[in-house]
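Taking it in order: structure first as structure tokens, then the write-up.
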Amino acid sequence: MAATSQSFLSPAPNPLLRPGSLSSAGGAVSLRGRRLAFPAVAAASTSMASSESEEKETKLWGGRFEEGVADAVEGFTESISYDWQLYKYDIMGSKAHASMLAAQGLITAGDKDIILEGLDQIEKLIQDGKFEWRTDREDVHMNIEAALIEKVGEPAKKLHTARSRNDQIVTDLRLWCRDAIDKILFRIKQFQVSLVLLASKYVDLIVPGYTHLQRAQPVLLPHLLLSYVEQLERDAGRLVNCRERLNFCPLGACALAGTGLPIDRFKTAKDLKFTAPMKNSIDAVSDRDFVLEFLAANSIAAVHLSRIGEEWVLWASEEFGFLTPSDSVSTGSSIMPQKKNPDPMELVRGKSARVVGDLMTVLTLCKGLPQAYNRDLQEDKEPLFDSVKAILGMLEVCTEFAQNISFNSKRIQSSLPAGYLDATTLADYLVKKGVPFRTSHEIVGRSVALCVSKNCQLAELGLDDLKAVHPVFEGDVYEYLGVENAVNKFISYGSTGSEQVKKQLKDWRTQLGISS
């Protein structure tokens, strides 16, 4: 299996540390009464700042202010407790920006080299868990910039030329989303491959197909499993389209109006592998459509995964008994020793609510905002991070589950006679005999009623019984009765007929690169 989603979402195991204001316990820290959760870290990787009794550091934006920020305000407005995860993209953007400034003669080549070397050193410290994250520096941008100034001095003060935190954060976020989408697409393909391999093990297994959760028609199990694969492919397509639309560069839009300095936004966009710079500087800093679209795509995928989870939980029940998960993907009961629960798929079902809720959070966040940047937009990141973490976890566990289940062929086959699954195929037989479908529907309905009264299946009715219902029936009717015959009569494109399903399986194996 691939690396877990935690490694992607938490690229370095650093807790937030602030002079004298934090205490750690159980993977969390306290910020003057406010609890903030972080990845667990070893004490050796903790980098403590100076004591709180020392004078507060002057803000990089604090020139016109005479008073310091109140502790309550500082604690309420900080975002470093979660946006530190963007450090890789913040450094990436800063490197591209510094290179562009040098190319345009706005800083010297020497200053650029000093800045790039300093950023490399900071990135190494973060990756090694030795970087000091400070809440009094508010966010990931100010933490890295202040550390760079401490490390290399005056050249670092030139880095923020022709940019603002407004365009900086949305650039970071677009870069982060781009990588997150790639990660999700990889996980989707893994799950699709697992489903296709599972379907290939049960090529001829017929199962009851349901509508309204009532038995409807017989279908091949691979046909059902491939319906999940189709849904996942649409999920992937939405993410690919979202990635294309978000891949435009806001950097250089500055606060909202652009700049009077001769920057080259096309160079920056190219260096960061964006398609192009965004055309409107106001739109560049205020747009969160890409976050909403990403969250919406995740929500639809989560609903699909939840539906799969629901079906497999039902099928694993004693009432169905169609599916058996291995011990490796099951849990037990603390009080009932006989229990074997498909908990992973129940949690997939449950976590879909979080993903949908994350979308609702950001939709509500954005609905009343005027144009350009507003501080409210700081609140877009936690739901975004949560959505991606959840969907990655859901896909990973669904893949694991699919690789560790078996279908109970004997139980399924013994259940097939119930429900008159061949009734619609019998109606097709009558249509081929020239009977209008509505009349055929009524004739088959009376035939089923006769079966109910005689406590038998349609295939068990004698020809005389069928002719008593309607004289159009002939001896060839038995070629249409029974689930095997019914499945074999399906011939339409995309149907559950054996030849159609074999073709679908072959096509998916080719598309997903499955060679064996």
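The values are calculated or read from the model by the stated rules, or taken from the named source; none is laboratory data. Quick caveat, the model's predicted, so the values are computed rather than measured. FYI the Cβ positions are ideal-geometry reconstructions off the backbone, even for glycines, and counts take in every protein chain you see. Note: accessible area is taken over every heavy atom of the protein model, side chains too, but ligands, DNA and RNA are not part of it. Shrake-Rupley method; radii C 1.70, N 1.55, O 1.52, S 1.80 Å.
Couple of notes before you dig in:
- Residue ID - nearest to H160 (Cα to Cα), chosen from residues in region 273-289 that are among the aliphatic types (A, V, I, L, M) and buried (at least 21 other Cβ atoms within 10 Å of the Cβ): V285
- Tally of residues being touching a Leu at 6+ places or on another chain (Cβ under 9 Å) and part of a loop (DSSP other than H, G, I, E, B) across region 143-179: 6
- Which listed residue is open to solvent by 70 Å² or more (accessible area, probe 1.4 Å) and in contact (Cβ under 8 Å) with a residue 12 or more places away in the chain, from L256, L251, L292: L256
- If the condition is being open to solvent by less than 60 Å² (accessible area, probe 1.4 Å), among the β-branched types (V, I, T) and more than 21 Å from F248 (Cα to Cα), then region 69-122 contributes V69, T77, I80, I107, I115, I122.
- Every residue from region 451-460 that is open to solvent by less than 20 Å² (accessible area, probe 1.4 Å) and within 13 Å of Y480 (Cα to Cα): L458
- Yes/no for Y202 being under 30 Å from W315 (Cα atoms) and either touching a Pro at 6+ places or on another chain (Cβ under 9 Å) or β-branched (V, I, T) (or both): yes
- Qualifying residue in region 471-491 (condition: more than 16 Å from L225 (Cα to Cα), among the acidic types (D, E) and part of a loop (DSSP other than H, G, I, E, B)): yes
- Answer residue from region 128-137, given it is open to solvent by 20 Å² or more (accessible area, probe 1.4 Å) and acidic (D, E) and is nearest to Q371 (Cα to Cα) among those: E132
- Residue, nearest to the chain's Cα centre (by Cα), within region 147-197, restricted to residues that are of a type in the set (D, E) and either buried (at least 19 other Cβ atoms within 10 Å of the Cβ) or not assigned by the TED database to the domain that holds S227 (or both): D172
- Filtered by the rule that a residue be of a type in the set (A, V, I, L, M, F, W, C) and within 21 Å of Y210 (Cα to Cα), region 420-455 gives L421, A423, L426, A427, V444, V448, A449, C451, V452.
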